[in-house]
Amino acid sequence: MLPFSADVLASLLARYNSALWPAPLAALVLLTGVLGLALQRAEAAGRIAALTLAAGWAWTGIAFHAATFASLNFAAPIYAVLFVVQAVLLVWTGAVRDAMPLARPQGPAEAAGLGLAVIALAGWPLLALGSRQGLAAAAVGGVAPDPTALFTLGVLLLMRGRTPWHLAALPIAWSFAGGATAWALGGGPATLQALAGLAAIPLIYLKNRRVRQGLPG
Amino acid sequence: MPSARPADPSRRRLLAGAAAAALLPALGPLTATPAGAADPADILRRPIPSTGEEIPVVGMGTWITFNVGDSEPLRQDRLEVLRTFLALGGGMVDSSPMYGTAEEVVGWCLERLPAAETAGLFSATKVWTTWLMRDGPQQMAESRRLWGLDRFDLMQVHNLEDWEDHLPTLADDKAAGRVRYVGVTTSHGRRHDEMARIMERHPLDFIQITYNILDREVEDRLLPLAAERGIGVIVNRPFRQGSLFRTVAGRPLPGWAAEIGAATWAQVMLSFVVSHPAVTCVIPATTRVDHMRENMAVLRHPLPDAALRRRMADDLRAL
């Protein structure tokens with residue numbers, strides 16, 4: 001049971017995007033760059049991806065949840081804290097420890113990760129076409145929570161080697177929360193993000209097992 | 001503002017409702033005038049048991065509907081909803097700090113309405129403390145600021161949260177004139193045992209509970225207890241947050257709807273709720289002016305008697 005309607009959430013996103021413009025566009029460009037680096041197996045891709053994603057989680061936590069969404073939803077300050085925690089985890093694991101190497105898709109998990117990242121980047125903003133505000137209310141990865149979580153899951157599945165569960169836990173949890181929110185607001189395609197979270201669990205498990213067995217991660 | 005008792009013999013069902021109310025000593029009689037009356041004063045009202053002050057039986061909730069943030073177009077839409085509500089004789093507007101920007105939006109709307117249009121307002125909100133917000137008095141002061149009021153007509157403890165702390169504060173506020181009435185709320189049929197205990201042991205002017213044509217558990221204990229203790233009853237979720245409309249979607253109104261002047265399912269559901277003699281006010285929420293007009297028309301409709309209430313509930317349950 002949510003204290004706001006789909007129409008009001010779309011209106012909030014439209015005003016958020018407008019107030020931040022051109023930050024949503026810049027976020028889209030940055031995340032596309034991260035995906036490009038991963039596909040080219042660039043040396044520093046993991047570190048750059050971790051820092052970019054951390055910036056996206058921190059921005060979304062502070063600018064969206066704490067400064068914007070909190071006016072509609074009393075739980076938003078809690079979400080803000082969780083998003084900042086995820087940002088810290090990404091910085092620590094991916095940038096400080098350099099433990100987030102990325103790779104071209106080699107197996108089903110990586111392929112699913114690439115698909116998820118592309119959907120988060122290119123598909124998710126288009127869902128706003130169903131709202132009264134149109135693309136102005138687009139949820140953009142790096143500045144809005146749902147596509148940020150989905151894109152992060154996609155990047156984590158693209159990792160060479162084991163995907164750390166401590167990095168995947170919050171994106172998975174948020175995909176459930178985002179799907180439940182979409183369902184409570186009347187359904188629609190955004191509800192399917194819960195399936196992404198659900199699918200990510202066996203994909204990460206199988207990927208990590210493959211790595212443990214010495215097969216290519 | 002009292003209005004004349006109905007004398008028209010064709011209003012038997014309304015009189016039956018009044019007779020039922022008379023069986024409950026703590027409650028005042030129903031007062032109403034013929035359906036379709038143009039005078040906003042000639043509407044169905046109920047007395048608040050603790051004082052006898054009468055309020056219109058249809059109020060307005062703000063859960064979800066008034067939580068529209070800073071959006072100017074959405075605020076303008078809600079302004080028209082509130083204007084319509086008040087113009088059609090509405091009184092109680094109920095909100096809560098838990099409802100996001102709802103209180104701020106109500107205050108924004110009230111600020112834009114002429115004083116003459118808001119004269120009938122019965123302001124009701126809640127104190128809602130959580131681990132993030134512990135200071136009840138500070139929150140209530142903030143609510144007064146948001147609404148632009150010096151005092152609330154009714155302050156309620158939201159969902160019984162920290163009621164042990166808040167009720168003494170509310171009693172002090174009432175004595176000091178910062179609030180006229182005090183109450184406690186719950187919803188979705190939760191914590192009824194605890195609410196009953198509070199009703200039995202503490203002086204309350206109002207309780208707020210969930211009651212609708214399918215969720216009738218409160219008829220067994222809380223409504224009779226409210227009548228016995230002289231406590232007014234505010235009803236939330238009369239449409240089960242819209243899900244009752246999905247139950248009746250595509251189905252024609254039964255023949256008995258005409259007997260209570262109901263032209264829509266919403267009016268059927270509201271008439272059922274307010275026809276319980278222990279109910280003081282129902283607070284449906286809407287974002288639409290046309291729906292508000294539908295809701296407020298019930299203030300001028302005859303009410304079902306006990307036999308018709310049973311039939312209404314049986315028919316709805318059978319759907």
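The values are calculated or read from the model by the stated rules, or taken from the named source; none is laboratory data. The shown structure was predicted, so the numbers you read here are calculated from the model rather than taken from an experiment. All Cβ positions, glycine included, derive from the backbone under ideal geometry; neighbour counts span all protein chains shown.
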Inset, instruction - Filter segment B:106-124 down to the residues that are buried (at least 21 other Cβ atoms within 10 Å of the Cβ) and out of contact with any Gly (no Cβ under 8 Å at 6 or more places or on another chain), then identify the one that is farthest from the other protein chains (Cβ to nearest Cβ). - result: B:Ser123
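Answer with yes or no whether A:Phe83 is in a helix (DSSP H, G or I), under 26 Å from A:Ala199 (Cα atoms) and of a type in the set (Phe, Trp, Tyr).
On the way: in a helix (DSSP H, G or I): yes; under 26 Å from A:Ala199 (Cα atoms): yes; of a type in the set (Phe, Trp, Tyr): yes.
So A:Phe83 fits the description; yes.
One line per residue, one yes/no per condition, for (1) closer than 30 Å to B:Ala318 by Cα; (2) of a type outside the set (Gly, Ala, Ser):
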{"position": "B:Leu154", "(1), (2)": "no, yes"}
{"position": "B:Ala171", "(1), (2)": "no, no"}
{"position": "B:Glu194", "(1), (2)": "no, yes"}
{"position": "B:Tyr211", "(1), (2)": "yes, yes"}
{"position": "B:Gly232", "(1), (2)": "no, no"}
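Listed here are the residues, each with its yes/no results for (1) modelled with pLDDT of 95 or more; (2) assigned to a helix (DSSP H, G or I); (3) under 23 Å from A:Ala14 (Cα atoms).
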{"residue": "A:Thr52", "(1), (2), (3)": "yes, yes, no"}
{"residue": "A:Gly61", "(1), (2), (3)": "yes, yes, yes"}
{"residue": "A:Phe64", "(1), (2), (3)": "yes, yes, yes"}
{"residue": "A:Ala70", "(1), (2), (3)": "no, yes, yes"}
{"residue": "A:Thr93", "(1), (2), (3)": "yes, yes, no"}
{"residue": "A:Ile119", "(1), (2), (3)": "yes, yes, yes"}
{"residue": "A:Leu127", "(1), (2), (3)": "no, yes, yes"}
Inset, instruction - Mind listing whichever residues of segment A:1-20 are more than 9 Å from every other protein chain (Cβ to nearest Cβ), small (Gly, Ala, Ser) and farther than 19 Å from A:Ala177 by Cα? - result: A:Ser18, A:Ala19
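Among the candidates A:Thr32, A:Thr68, which residue alone is buried (at least 18 other Cβ atoms within 10 Å of the Cβ) and either more than 18 Å from the chain's Cα centre (by Cα) or at negative phi (or both)? Reasoning before the result, please.
Numbers: A:Thr32 fails: buried (at least 18 other Cβ atoms within 10 Å of the Cβ).
Of A:Thr32, A:Thr68, the one residue that is buried (at least 18 other Cβ atoms within 10 Å of the Cβ) and either more than 18 Å from the chain's Cα centre (by Cα) or at negative phi (or both) is A:Thr68.
Any residue at all in segment B:128-136 that is over 19 Å from A:Leu72 (Cβ atoms), surrounded by fewer than 17 Cβ atoms within 10 Å (Cβ to Cβ), small (Gly, Ala, Ser) and more than 10 Å from chain A (Cβ to nearest Cβ)?
Of the residues in segment B:128-136, the ones over 19 Å from A:Leu72 (Cβ atoms) are B:129, B:131, B:134-136.
Restricting the remaining residues to those that are surrounded by fewer than 17 Cβ atoms within 10 Å (Cβ to Cβ) gives B:131, B:134-135.
Cutting the leftovers down to small (Gly, Ala, Ser) gives us none.
No, that holds for no residue.
Is it the case that segment A:147-154 has a residue that's in contact with a helix residue (DSSP H, G or I) (Cβ under 7 Å, 6 or more places away or on another chain), under 18 Å from A:Leu12 (Cα atoms) and either surrounded by 24 or more Cβ atoms within 10 Å (Cβ to Cβ) or charged (D, E, K, R) (or both)?
Pass one, segment A:147-154, residues in contact with a helix residue (DSSP H, G or I) (Cβ under 7 Å, 6 or more places away or on another chain): A:147-154.
When the remaining residues are screened for being under 18 Å from A:Leu12 (Cα atoms), the result is A:147-148.
From what's left, either surrounded by 24 or more Cβ atoms within 10 Å (Cβ to Cβ) or charged (D, E, K, R) (or both): A:147-148.
Checked against the condition, which is being in contact with a helix residue (DSSP H, G or I) (Cβ under 7 Å, 6 or more places away or on another chain), under 18 Å from A:Leu12 (Cα atoms) and either surrounded by 24 or more Cβ atoms within 10 Å (Cβ to Cβ) or charged (D, E, K, R) (or both), segment A:147-154 yields at least one hit.
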Inset, instruction - May I ask you to list the residues in segment A:189-217 that are exposed (fewer than 14 other Cβ atoms within 10 Å of the Cβ) and among the charged types (D, E, K, R)? - result: A:Arg209, A:Arg212
Legend entry - Conditions (1) over 20 Å from A:Gly61 (Cβ atoms); (2) at pLDDT 95 or above: number failed by A:Gly161: (2)
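Restricting to segment B:249-267, give me the number of residues that are over 23 Å from the mean Cα position of the chain (by Cα) and in contact (Cβ under 8 Å) with a residue 12 or more places away in the chain.
Within segment B:249-267, the first condition is being over 23 Å from the mean Cα position of the chain (by Cα), and the residues that meet it are B:249-256, B:258-259.
Of the ones still in play, those that are also in contact (Cβ under 8 Å) with a residue 12 or more places away in the chain are B:251, B:253-254, B:256, B:259.
Of the residues in segment B:249-267, 5 are over 23 Å from the mean Cα position of the chain (by Cα) and in contact (Cβ under 8 Å) with a residue 12 or more places away in the chain.
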Inset, instruction - Please find, within segment B:134-162, the residue that is modelled with the lowest pLDDT out of those that are out of contact with any strand residue (DSSP E or B) (no Cβ under 8 Å at 6 or more places or on another chain) and under 19 Å from B:Thr62 (Cβ atoms). - result: B:Glu161
Legend entry - Among (1) within 14 Å of another protein chain (Cβ to nearest Cβ); (2) assigned to a loop (DSSP other than H, G, I, E, B), the one test that B:Gln139 misses: (2)
Legend entry - Breaking point among (1) outside any loop (DSSP other than H, G, I, E, B); (2) closer than 20 Å to B:Met140 by Cα; (3) within 14 Å of chain A (Cβ to nearest Cβ), for B:Met98: (1)
Inset, instruction - Taking B:His158 as meeting all but one of (1) more than 19 Å from A:Phe74 (Cβ to Cβ); (2) under 19 Å from the mean Cα position of the chain (by Cα); (3) within 14 Å of chain A (Cβ to nearest Cβ), write down the number of the exception. - result: (1)
